[in-house]
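Student: A single structure is presented below for examination.
The values are calculated or read from the model by the stated rules, or taken from the named source; none is laboratory data. The structure presented is a predicted model; accordingly, all values stated were derived computationally and were not measured. Glycine also receives a Cβ, built like all others from the backbone with ideal geometry; neighbour counts cover every protein chain displayed.
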Amino acid sequence: MIASILARIGVAGYTGYCASKAGLLGLVRAFAAELAPRDVQVNAVCPGWVDTEMAWQGLDAMSGSREEAYADAMRDVPLGRMAQPEEIAGTVAWLLSPDAGGVTGQAIDHNGGAWMG
């Protein structure tokens, strides 16, 4: 499942989104426990800022120029940049690969270090 960093933190104005993504993490854990006897793995990826139209719409809603909003948002990201969609896809591909055998019930944070929980 694809959750979000907003499953981990609350952001004003995004109450429904935060709640729905946090709910996915509970669903992942419950499904992981329920489906483990069938050798089915269930996990979530929790992206932070990803270079998508949705992210840019969020930045555009912030005050100041797009460049200022980006700089402000990236101050909270230790790597200082947005992830690329291909990076998130790579995390998903790893979870689907034999290399991730035995990984279940996890929320994999892919957010440039913005949440280290």
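Student: What number of residues within the range 54-75 are part of a helix (DSSP H, G or I) and among the hydroxyl-bearing types (S, T, Y)?
Tutor: 1
Student: Is it fair to say G80 is at pLDDT 95 or above, surrounded by 15 or more Cβ atoms within 10 Å (Cβ to Cβ) and at positive phi?
Tutor: It is false that G80 is at pLDDT 95 or above, surrounded by 15 or more Cβ atoms within 10 Å (Cβ to Cβ) and at positive phi.
Student: Same structure, new question: Does the range 85-104 include one or more residues that are closer than 16 Å to I2 by Cβ, outside any helix (DSSP H, G or I), within 15 Å of the chain's Cα centre (by Cα) and not aliphatic (A, V, I, L, M)?
Tutor: Scanning the range 85-104 turns up no residue that is closer than 16 Å to I2 by Cβ, outside any helix (DSSP H, G or I), within 15 Å of the chain's Cα centre (by Cα) and not aliphatic (A, V, I, L, M).
Student: Quick one: R29 ticks every box in (1) free of Cβ contacts under 8 Å to residues at least 12 places away in the same chain; (2) surrounded by 14 or more Cβ atoms within 10 Å (Cβ to Cβ) bar one, so which box is it?
Tutor: Just one mismatch for R29, condition (1).
Student: Select from the range 57-84 the residues that are over 12 Å from G112 (Cβ atoms) and within 16 Å of the chain's Cα centre (by Cα) and list them in ascending order.
Tutor: G58
Student: Please go through the range 1-17 and give me each residue that is of a type in the set (V, I, T) and assigned to a loop (DSSP other than H, G, I, E, B), ordered by number.
Tutor: I9, V11, listed by residue number.
Student: List every residue pair whose Cβ atoms sit under 7 Å apart, with the two residues 6 or more apart in sequence or on different chains, where the first one lies in the range 6-24 and is without any contact (Cβ under 8 Å) to a residue 12 or more places away in the chain and the second, anywhere, is in a helix (DSSP H, G or I) and of a type in the set (A, V, I, L, M, F, W, C).
Tutor: Sorted first by the residue in the range 6-24, then by its partner, the pairs are G10/C18; V11/C18; Y14/L6.
Student: In this structure, does V40 turn out to be at pLDDT 95 or above and not in a helix (DSSP H, G or I)?
Tutor: So V40 passes the test.
Student: Now, a different point. Considering only the range 9-22, state which residues are out of contact with any helix residue (DSSP H, G or I) (no Cβ under 8 Å at 6 or more places or on another chain) and either β-branched (V, I, T) or at pLDDT 95 or above (or both).
Tutor: T15, G16, A19, S20
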